[in-house]
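Any read-out appearing in this document is the output of simple, stated calculations on the displayed coordinates, not a laboratory observation. Remember, it's a predicted structure, so these values are computed and weren't measured experimentally. In this analysis, Cβ positions are derived from the backbone assuming ideal geometry, glycine residues included, and neighbour counts consider all displayed protein chains.
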Amino acid sequence: MFHLRKRFAVALLALLALLATGIALTGCSNKSQEPFRDAGIGQRNNGKADVMTFPDGFSNVAAKCDGPNRVYVAFKGDDNRAAIAVIPNDPRCTTGAR
């Protein structure tokens, strides 16, 4: 009878450990690695961008026209965060200008 209780207790502890592990793993999601969770895509602007590379320790900058607006993105290496600025109706973004 003692061995039966001991086996039951071990099985119960193993089940609780498995349950706790499952709860911990499902609660630890990495939102940045979920594919295709953004809004739908309308038009793409795959045109070339002007890139300014600064010395190490400073952020780099990319700029391009999107319609009449000039968009600047400051980034550092392959980091997934960047600063964005939009200059509305930039004269460099008219037809033929850059």
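Quick notes on this structure:
- Distance between modelled label sites at F75 and S59, nm, 7 Å Cα→Cβ extension: 1.3 nm
- With the simple model of a label 7 Å out from the Cα in the direction of the Cβ, A82 to A49 spans 0.2 nm.
- Using C-alpha pairs under 8 Å with a sequence gap of at least 6, the mean separation divided by the residue count of region 43-98 gives a relative contact order of 26 percent.
- Modelled spin labels at A39 and A14, positioned 7 Å past Cα toward Cβ, are 5.1 nm from each other.
- Order by protection proxy (mean Cβ within 10 Å, highest first), peptides 38-48, 54-64: 54-64, 38-48
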